[in-house]
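Structure first, then comments.
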Amino acid sequence: MKILKTQIAIIGAGPSGLLLGQLLHNAGIDTLILERQTPDYVLGRIRAGVLEQGMVELLRQAGVGQRMDAEGLVHTGFELALDARRVHIDLQALTGGKTVMIYGQTEVTRDLMAARREAGAQTIYEAGNVVPHGMKTEETFVTFEKDGELYRLDCDYIAGCDGFHGVARQSIPAECLKVFERVYPFGWLGILADTPPVHEELVYARHERGFALCSMRSATRTRYYLQVPADEHVENWSDQRFWDELKSRLPGTLAASLITGPSIEKSIAPLRSFVVEPMQYGQMFLVGDAAHIVPPTGAKGLNLAASDVSTLFNILLKVYREGRVDLLEKYSEVCLRRVWKAERFSWWMTSMLHRFDDNDAFSLRIAESELEYFVDSEAGRKTIAENYVGLPYEAIE
């Protein structure tokens with residue numbers, strides 16, 4: 001067995017693991033990232049594209065914001081299409097100047113990979129059978145296999161940034177975690193296409209046929225979604241069927257200006273709300289999807305991972321620079337306060353905009369009335385806006 005050493009072992013080379021690694025590296029704290037997939041596989045994941053102001057600033061802090069600032073699209077608002085009615089949510093005006101950035105998760109990951117390479121920091125891809133050990137002891141380490149050899153990575157702490165299906169959370173005894181979960185009876189059928197966006201801002205559409213979202217990755221690449229049953233199969237949807245259904249769920253003026261084209265990628269994502277408490281087990285800390293999942297309606301998944309990263313980074317900074325090991329026990333508590341607020345907003349957006357087949361007439365009217373109250377009230381629009389741009393990160397003191 002070969003022995004390696006680092007200060008922070010990071011499991012997972014997605015955006016949260018890479019961002020944490022970059023921040024720690026810049027602060028002089030040694031990291032080693034283990035990833036079971038290849039770099040190309042990681043970059044092939046089609047994911048989120050709306051970055052909260054807090055995440056944008058965190059990427060700049062990590063020194064990886066140059067391409068984002070040059071190529072990303074700053075959005076000062078978004079639109080709600082409620083059947084035939086269109087309502088503009090002016091994020092900038094309602095939040096005192098805050099905005100969001102449209103910049104794909106793939107591009108964030110690409111920038112972070114390049115920065116880590118240039119920094120000479122180590123990432124081991126195609127690491128097999130990764131197993132954390134000794135999280136509740138002073139001898140914390142991770143074992144893994146690479147090219148037929150067994151390795152032991154000794155470390156001070158482990159960051160589990162390996163997603164919902166990763167080994168980090170699964171290595172914690174089940175009786176030590178409390179699980180909160182809601183699985184929704186529908187999914188999102190999404191396509192990626194090299195077509196210009198139908199509107200300059202994102203459009204969230206509520207319709208009796210189901211929810212639709214008009215999003216984008218750039219001025220020439222679009223991402224569109226349709227609510228479909230949870231058991232739907234992507235093979236049932238030709239490009240033409242998708243475009244026809246999307247047009248039927250949009251207000252007439254938008255449907256008329258929709259430019260269609262062949263899809264680059266097409267997939268169905270299930271929707272769930274999921275949280276585990278606590279988000280730490282001894283010397284191991286769960287980050288991002290390893291600890292929580294939100295339905296994508298509120299654009300919170302990647303952004304919640306970024307706030308976890310910020311919290312853990314600032315705690316570890318004080319641990320190594322000031323000896324503040326007492327702060328380690330606050331990680332879960334601090335993260336979960338923001339996590340549950342984002343879970344609530346994502347659940348609310350999902351509940352308000354999607355069609356639930358089991359809703360009775362009374363429930364439907366209540367949902368319509370609640371949404372109308374929020375969009376017709378400046379206080380209500382402000383609540384939507386401040387949640388959408390992202391609640392502030394909690395200071396670590």
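Quick notes
- Restricting attention to region 322-344, the residues that are of a type outside the set (D, E, K, R), in contact with a helix residue (DSSP H, G or I) (Cβ under 8 Å, 6 or more places away or on another chain) and surrounded by fewer than 21 Cβ atoms within 10 Å (Cβ to Cβ) add up to 3.
- In the set Gly148, Gly163, Gly187, only one residue is within 19 Å of the chain's Cα centre (by Cα) and under 25 Å from Leu32 (Cβ atoms); that residue is Gly163.
- The combined condition, being surrounded by 17 or more Cβ atoms within 10 Å (Cβ to Cβ) and not β-branched (Val, Ile, Thr), is not fulfilled by Phe356.
- Among the conditions (1) out of contact with any Lys or Arg (no Cβ under 9 Å at 6 or more places or on another chain); (2) surrounded by 15 or more Cβ atoms within 10 Å (Cβ to Cβ); (3) part of a helix (DSSP H, G or I); (4) aliphatic (A, V, I, L, M), Met68 misses just one, which is (1).
Yes/no matrix, rows are residues, columns are (1) surrounded by fewer than 18 Cβ atoms within 10 Å (Cβ to Cβ); (2) not in a loop (DSSP other than H, G, I, E, B); (3) not small (Gly, Ala, Ser):
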position: Val198; (1), (2), (3): no, no, yes
position: Ala205; (1), (2), (3): no, yes, no
position: Gly210; (1), (2), (3): no, no, no
position: Leu213; (1), (2), (3): no, yes, yes
position: Ser248; (1), (2), (3): yes, yes, no
position: Thr253; (1), (2), (3): yes, yes, yes
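- Residue within region 158-170 that is surrounded by fewer than 19 Cβ atoms within 10 Å (Cβ to Cβ) and of a type in the set (Lys, Arg) present: no
- Total residues in region 1-56, condition within 23 Å of Tyr224 (Cα to Cα), surrounded by fewer than 19 Cβ atoms within 10 Å (Cβ to Cβ) and of a type in the set (Gly, Ala, Ser): 1
- Total residues in region 97-112, condition surrounded by fewer than 19 Cβ atoms within 10 Å (Cβ to Cβ), part of a loop (DSSP other than H, G, I, E, B) and either modelled with pLDDT under 95 or on the phi > 0 side of the Ramachandran plot (or both): 1
- Within region 125-159, tally of residues that are assigned to a strand (DSSP E or B) and either under 20 Å from Ile315 (Cα atoms) or in contact with a Gly (Cβ under 9 Å, 6 or more places away or on another chain) (or both): 9
- Looking across region 129-146, just one residue is farther than 14 Å from Val167 by Cα and in contact with a Ser or Thr (Cβ under 9 Å, 6 or more places away or on another chain), and that is Gly134.
The values are calculated or read from the model by the stated rules, or taken from the named source; none is laboratory data. The structure presented is a predicted model; accordingly, all values stated were derived computationally and were not measured. Don't worry about glycine lacking a Cβ; one is built from the backbone with ideal geometry, like all the others, and counts go over all protein chains shown.
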